[in-house]
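The values are calculated or read from the model by the stated rules, or taken from the named source; none is laboratory data. Everything quoted here is computed from the prediction, not taken from an experiment. Glycine also receives a Cβ, built like all others from the backbone with ideal geometry; neighbour counts cover every protein chain displayed. Quick note on the areas: whole protein, heavy atoms, side chains included, nothing else; ligands and nucleic acids left out. Shrake-Rupley method; radii C 1.70, N 1.55, O 1.52, S 1.80 Å.
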Amino acid sequence: MTPHDSPRPALTLPHTRLLRRACLLAALLSGAAGAYTVKAGDTLYSLARTSGTTVAELLRLNGLTSTTLEVGQTLRLPGEGVTAPPPAPTSAPASLAGVTVTAPATLRMGDALVLRLSGPRAGEARVRFLSETGEDVRQPGEVLTPVQVGNEFLVLGRVVLGKTTPLMFEVQVGNERLQRSVPVSSLGQRIQRLNLPASISRKLEDPAREAEDAAVEQAYTRRTAPVWSKPFQEAVKIRAQSSAFGQPRTYVAGGPVGYHFGTDYPAPAGTMVTAVNDGTVILAGMYPVRGGLVVIDHGAGLTSLYFHQRRVTVQVGQKVTRGQKVGEVGSTGLSTGAHLHLEMRVRGEGTDPAGWMNRLWPK
Ligand SMILES: [Zn+2]
């Protein structure tokens, strides 16, 4: 069997210091590095995403002139992250129907962002992200209603990992429409090769995993009004990070590449885990992969997730305030050492927690 069709590939290396602190959720994605055999359901786009590259790069690497793939076809995939594209031009404020729209000038993969709308009719605006294709995000092209914050109306957006095509959005006010795009650069991270012992990787095959994933997916569909009024703050007092947001990884030798949708903060077991901001607890309990899990809905489609805790000290339905204890650091679920894995998801997609900390809204 090749590494790609083996459900549990042979392990070649023992523990490393790196993997002891590893958080492994990205193993839920599939893809491959090196030579790859196309399977049913694969597309160039999905393969580009899971291998940290772009469709254009895959076309170039393989000398292809069409994006059509056939099952069984062999493709070359890049072995490491792509280089960041050159700096992009700024996008100036634009307006329609008396509404001024301001967007970030440039973005990186995994950024959360806000579009800022102002003017007398800003509250009537409806916004869609046209660059969302459906392969890349949950609920693509959702029609979004801006949230009023002071004199402005804000729409929260997110840039998915693995996709460097420009972020395109459309603002509609009455019958007028405005479309703009913002260039996106990669994080330039090299693929990290963890080689996990089967005792850890077998947790991915837990029969309760399906129910766990379904519960989390359900949490991502919530759309409530934003409830926070202060900047976001760290969930643990310890600043060290062991594994960066967005890191592409393989978990077993020759195995698939996945992205790290959160940031890992190593901390002694028992360290207090606190809410990054006000919200409502929508999941709280022990799960096979995420371990001791708390999910907080902050509103505006934003959820924060806290994984691998040894204890969870809040209950579903409970309102929490920024800085309130939600649990304790542990190493439960698919984890090889005590740490907090923190995710900040915008309508279900992982965004870089660093883009939220000490800010009321992302850039
Ligand atoms: Zn992690």
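Can you pull the three principal axis extents for the Cα set of region 94-185, in Å, largest first?
38, 21, 19
Okay, helix-only estimate at 222 nm for the chain: each DSSP H run of n ≥ 4 adds -39500 (n - 2.57), divide by all residues, round to 500 deg cm²/dmol; what do you get?
-2500 deg cm²/dmol, from helical runs alone.
Rg and Dmax in Å for region 192-355, alpha carbons only: what are they?
15.0, 46
Tell me the carbon and sulfur percent of the accessible area for the chain, rounded to whole percent, probe radius 1.4 Å.
Looking at the chain in its full context, I get 52 percent from C and S.
Compute the whole-percent fraction of alpha carbon pairs in region 34-77 spaced more than 11 Å apart.
61
Rank Glu210, Glu142 by accessible area, highest first, at a 1.4 Å probe radius?
Result of the area sort, largest leading: Glu210, Glu142.
Counting pairs of alpha carbon atoms under 8 Å apart in space and at least six apart in sequence, what relative contact order in percent does region 282-340 give?
About 34 percent, as a whole number.
State which entries of Lys237/Lys319; Lys203/Lys319; Lys163/Lys203; Lys163/Lys230; Lys163/Lys325; Lys230/Lys319 exceed 25 angstrom in Cα-Cα distance in the structure shown.
Over 25 Å apart, Cα to Cα: Lys203/Lys319; Lys163/Lys203; Lys163/Lys230; Lys163/Lys325.
Please work out the FRET efficiency for the pair Thr133 and Leu360, using the Cβ-Cβ distance as r and a Förster radius of 30 Å; give the result to the nearest 0.05.
0.50
Short version: ³J(HN,Hα) in whole Hz for each residue of region 280-291, in order, from phi by Karplus 6.51 cos²θ - 1.76 cosθ + 1.60 (θ = phi - 60°), x for Gly and Pro, what are they?
10, 6, 10, 9, 7, x, 9, 10, x, 9, 7, x
Contact order normalised by length for the chain, with contacts defined as Cα pairs under 8 Å and 6 or more residues apart; what percent is it?
After rounding, I find 20 percent.
In nm, to one decimal, how far is the modelled label at Asn175 from the one at Gln233, with both set 7 Å along Cα→Cβ?
With each label point 7 Å from Cα toward Cβ, the separation is 5.2 nm.
Before I look further, what does region 192-355 give for accessible area per residue, probe 1.4 Å, in whole square angstrom?
On a per-residue basis, 34 Å².
With an 8 Å Cα cut-off and a minimum separation of 6 or more residues, compute the relative contact order for region 94-185 in percent.
Relative contact order comes out at 36 percent.
Sorted by mean Cβ packing within 10 Å, highest first, what order do the peptides 288-296, 305-313, 184-192 take?
288-296, 305-313, 184-192
Between region 222-251 and region 34-63, how far is it from one alpha carbon centroid to the other, in angstrom?
Each part reduced to its Cα centre gives a spacing of 29 Å.
Give the separation of the Cα centroids, region 142-220 to region 253-286, in Å.
If you average the Cα positions of each part, the centres end up 16 Å apart.
Whole-Å semi-axes of the chain's equivalent ellipsoid, largest first, each the root of 5 times a Cα gyration tensor eigenvalue?
After scaling each eigenvalue by five and taking roots: 33, 28, 16 Å.
Excluding ligands, DNA and RNA, what is the solvent-accessible area per residue of region 34-77 at a probe of 1.4 Å, expressed in Å²?
Result: 51 Å² per residue.
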